[in-house]
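All remarks here apply to the structure that follows.
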Amino acid sequence: MRVRLTRSAMPAELTAALQPGEQVLAAVPAAGQVLAVSRFGLWIVEDGGAARIDWHLVSKARLAEGELQITVADEIARWPDGTVLLRDRAPRTLHPERMNRLTDVVHQRVRASVAASRHLAWSGAGGWVVLRRVAGRDGLTTQLRLDPGADPTAAGFADAVAAVVDMLWPPAVPRPGGADGWEA
């Protein structure tokens, strides 16, 4: 039997955790959980609680054979220029009871959050340099998703990352760092 989640049937843990003005765009039951999406992230309701995974921290989202596999990154450091260093967690597999608008929104939101990206190979380091949009904020954020085992302090790596950011940054988008927080 399939259960349809309506707004009034949303779990109380989810409705209590939503930020003011945050609306659920889609939701679906999923093997003892409820998965829901808002403009800010993917919500997982389980074990009496609700936790949101922000879109700019979802490294990958893949749908195959009725399973939604997501890879989430943790912020491990921030360089003085504002670059956020991330390490991916192990992928997590979610089991929605049915494919609906939720899986489409997950893919759309993850893709839309990435403005540009390029892999940077580096001896002893390496990773994906990513310009991301963060829901609820203007502008772009620079992220460095480190390769497994990468050492972000490797000689010359930070300068190489900055050069890739310079190549990727759209000319019409202000950059963080000016007197008002943005450069012209």
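Has the range 80-87 got at least one residue that is surrounded by fewer than 14 Cβ atoms within 10 Å (Cβ to Cβ) and of a type in the set (D, E)? The answer is yes; a qualifying residue exists. Only one of the numbered conditions (1) touching a Leu at 6+ places or on another chain (Cβ under 8 Å); (2) free of Cβ contacts under 8 Å to residues at least 24 places away in the same chain is violated by R92, and that is (1).
The residue that is nearest to the chain's Cα centre (by Cα), counting only those in the range 112-164 that are surrounded by 14 or more Cβ atoms within 10 Å (Cβ to Cβ) and polar (S, T, N, Q), is S113. Would you confirm whether any residue within the range 39-48 is basic (K, R) and under 18 Å from G136 (Cα atoms)? Yes: one or more hits.
Tell me, which strands (runs of 3 or more DSSP E) wholly within the range 29-77 include 3 or more residues that are under 12 Å from the mean Cα position of the chain (by Cα) and hydroxyl-bearing (S, T, Y)? Write out each step before concluding.
On the way: elements: 33-37, 41-46, 49-54, 58-64.
Here the list is empty.
Output yes when any residue across the range 86-109 is at pLDDT below 95, of a type in the set (V, I, T) and either part of a loop (DSSP other than H, G, I, E, B) or in contact with a Lys or Arg (Cβ under 8 Å, 6 or more places away or on another chain) (or both), and no when none is. Checking the range 86-109: not a single residue is at pLDDT below 95, of a type in the set (V, I, T) and either part of a loop (DSSP other than H, G, I, E, B) or in contact with a Lys or Arg (Cβ under 8 Å, 6 or more places away or on another chain) (or both).
The values are calculated or read from the model by the stated rules, or taken from the named source; none is laboratory data. Predicted model only: the values in this text are computed from it and were never measured. Cβ coordinates were reconstructed from backbone atoms using ideal geometry, including for glycine residues, and neighbour counts include every protein chain displayed.
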